[in-house]
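Step one of this worksheet: look at the structure below.
Read the figures in this text as sums done on the coordinates, not as results from a lab. All figures in this text were calculated on a predicted structure; none of them were measured in a lab.
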Amino acid sequence: MTTPIPPKAVEGLIATPFGPPAEQPLEKRPQSKRAWPMRDLAKTSTYAVMHFCVAVSVAYVLTWDIRIALGIGLVEPLVQTAAYAVHERGWARWSAPASPVG
């Protein structure tokens, strides 16, 4: 069992789901998703590779034909990855704070 962290010690730190807060002050975090475009590209690319492997594996188990499995594996993740990128941008735009007026 972990020892609870006093509230004063947590102030200004990022909470993590796996334990005590991370040692990174909030002011050092990027203010928008646009601050990390290479991270977003890497995240989307690794997601696409993982999705390709899963799609080919499932299609192969269902068809027992590697050509059909590769065809499905090439098309489905491309469409799904594009949909994922649009979905992420929509959520980022929806959850972004409103800009001040005036």
>> What does the C-alpha gyration tensor say about the overall shape of segment 35-94? Classify as rounded when a/c is under 1.5, otherwise prolate if a/b is larger than b/c, or oblate.
In response: prolate
>> Spelling out what I want: for every residue of segment 41-52, take phi, set θ = phi - 60°, compute 6.51 cos²θ - 1.76 cosθ + 1.60 (Karplus), and round to whole Hz; glycine and proline get x.
In response: 5, 5, 4, 5, 5, 5, 5, 5, 5, 4, 5, 4
>> If I take every Cα pair under 8 Å that is 6 or more residues apart in segment 35-94, average their sequence separation and divide by the length, what percent do I get for the relative contact order?
In response: 31 percent
